[in-house]
1. Could you look through segment 197-220, keep only residues that are in contact with a helix residue (DSSP H, G or I) (Cβ under 6 Å, 6 or more places away or on another chain) and in a loop (DSSP other than H, G, I, E, B), and pick out the one that is nearest to LEU38 (Cα to Cα)?
2. Can you run down the residue pairs with Cβ atoms below 7 Å, 6 or more apart or on separate chains, where the first is in segment 8-37 and small (Gly, Ala, Ser) and the partner is surrounded by 10 or more Cβ atoms within 10 Å (Cβ to Cβ)?
3. Based on this model, can you work out whether ARG169 counts as free of Cβ contacts under 8 Å to residues at least 60 places away in the same chain and either in contact with an Asp or Glu (Cβ under 8 Å, 6 or more places away or on another chain) or outside any helix (DSSP H, G or I) (or both)?
4. Somewhere in segment 251-265, is a residue among the hydroxyl-bearing types (Ser, Thr, Tyr) and closer than 26 Å to HIS95 by Cα?
5. Check whether at least one residue in segment 9-25 is on the phi < 0 side of the Ramachandran plot and under 24 Å from the mean Cα position of the chain (by Cα), and report yes or no.
6. Are any residues in segment 61-94 acidic (Asp, Glu), part of a loop (DSSP other than H, G, I, E, B) and surrounded by 12 or more Cβ atoms within 10 Å (Cβ to Cβ), and if so, which ones?
7. Against the conditions (1) in the same structural domain as GLN50 (by TED's automatic domain parsing); (2) in a helix (DSSP H, G or I); (3) surrounded by fewer than 19 Cβ atoms within 10 Å (Cβ to Cβ), where does VAL235 fall short? Just the number, please.
8. Name the residue, out of LEU165, LEU194, that is farther than 14 Å from MET39 by Cβ and of a type outside the set (Gly, Ala, Ser).
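The values are calculated or read from the model by the stated rules, or taken from the named source; none is laboratory data. Owing to the predicted nature of the structure, the values given are computational and were not obtained by experimental measurement. Positions of Cβ are backbone-derived with ideal geometry, glycine not excepted, and every protein chain shown enters the neighbour counts.
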Amino acid sequence: MVSAPATRSLRGHALRLLLLALLCGASLQLYFVARIALMAVIAPQSTTFQRSEIWRLLVEKQQVAWAQEWVDAERISPNLKRAVIASEDAGFIEHGGIEWDALEQAWEKNQRAEAAAERRNAQLQAQQQKRAPPKAAAAPAKPKVEPKLVGGSTISQQLAKNLFLSGERTVFRKAQEFVLTLVLEALLDKRRILEIYLNSVEWGEGVFGAQAAARHYFRTDAARLDAYAAARLAVMLPAPKRFEKNPGSAYIAGRAATIVARMGAVTLP
């Protein structure tokens with residue numbers, strides 16, 4: 001039996017650990033707030049996502065092919081700004097950083113996709129067990145189908161995640177993303193948020209920012225992108241590493257035409 005003094009000592013120790021954890025958490029949030037406040041006047045040199053990509057390229061390829069050049073908002077074509085908003089976040093001007101309806105719709109769609117993938121994997125496993133020899137039939141089949149998930153993130157959320165967070169999918173990381181998004185919206189105006197986003201977002205392996213993307217794909221400057229070129233770049237944003245393998249694909253061309261048609265209705269910050 002644990003004595004009363006020992007119990008009180010354990011409780012006191014647990015309380016001190018809890019207070020220390022809360023203090024560390026509060027300090028981290030203050031650090032994030034200070035970093036974001038500085039971004040109103042100082043451009044970020046790199047993002048957490050970019051640094052993780054540098055490390056990945058060093059580990060996997062023992063080299064880093066990197067292209068990025070900051071350009072002020074005035075040197076980014078209005079066509080690209082309109083195309084990205086039309087493609088990624090049509091409500092960018094109106095919302096406060098998070099579109100709850102879009103998140104709910106994305107969650108419901110992902111739930112259906114995961115359920116469908118589970119059913120398909122169960123069917124494949126049953127078929128494999130029927131075809132397998134008796135000794136191997138007991139071994140579970142590896143999943144063959146991955147659910148196609150969609151996101152409901154706004155431009156502000158994407159920027160918050162890229163600037164500070166890892167790519168892991170956890171409740172705590174998502175909650176931190178929400179907090180950072182609200183801080184971004186509170187301390188920076190929409191024009192600055194869009195400027196930082198366009199200068200830091202990935203457009204291919206080792207290709208970051210509008211200027212690098214314009215030079216890489218179209219051999220021109222970000223300021224000189226026409227509507228169709230801008231739309232093609234906007235189409236690539238959800239999966240740049242996949243789309244860069246065939247940037248002239250029929251899908252990108254067709255989707256770009258749709259975005260061009262929507263760009264006229266976009267109001268820039």
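1. It comes out as GLY209.
2. Filtered contacts from segment 8-37: ALA37/LEU187.
3. Details: free of Cβ contacts under 8 Å to residues at least 60 places away in the same chain: yes; either in contact with an Asp or Glu (Cβ under 8 Å, 6 or more places away or on another chain) or outside any helix (DSSP H, G or I) (or both): yes.
Judged against the criteria, ARG169 is a match.
4. Kept after step one, since they are among the hydroxyl-bearing types (Ser, Thr, Tyr), are these residues of segment 251-265: 251, 258.
Filter once more, keeping what is closer than 26 Å to HIS95 by Cα: 258.
Checked segment 251-265: at least one residue is among the hydroxyl-bearing types (Ser, Thr, Tyr) and closer than 26 Å to HIS95 by Cα.
5. Keep residues of segment 9-25 that are on the phi < 0 side of the Ramachandran plot, which gives 9-25.
Filter once more, so that each one left must be under 24 Å from the mean Cα position of the chain (by Cα): 25.
Yes: segment 9-25 contains one or more residues that are on the phi < 0 side of the Ramachandran plot and under 24 Å from the mean Cα position of the chain (by Cα).
6. Of all residues in segment 61-94, those acidic (Asp, Glu) come to 69, 72, 74, 88-89, 94.
Narrowing the set further to residues that are part of a loop (DSSP other than H, G, I, E, B) leaves 69, 72, 89, 94.
GLU69, ASP89 - these are the residues of segment 61-94 that are acidic (Asp, Glu), part of a loop (DSSP other than H, G, I, E, B) and surrounded by 12 or more Cβ atoms within 10 Å (Cβ to Cβ).
7. In the conditions (1) in the same structural domain as GLN50 (by TED's automatic domain parsing); (2) in a helix (DSSP H, G or I); (3) surrounded by fewer than 19 Cβ atoms within 10 Å (Cβ to Cβ), VAL235 misses (3) alone.
8. Values: LEU194 fails: farther than 14 Å from MET39 by Cβ.
The conditions single out LEU165.
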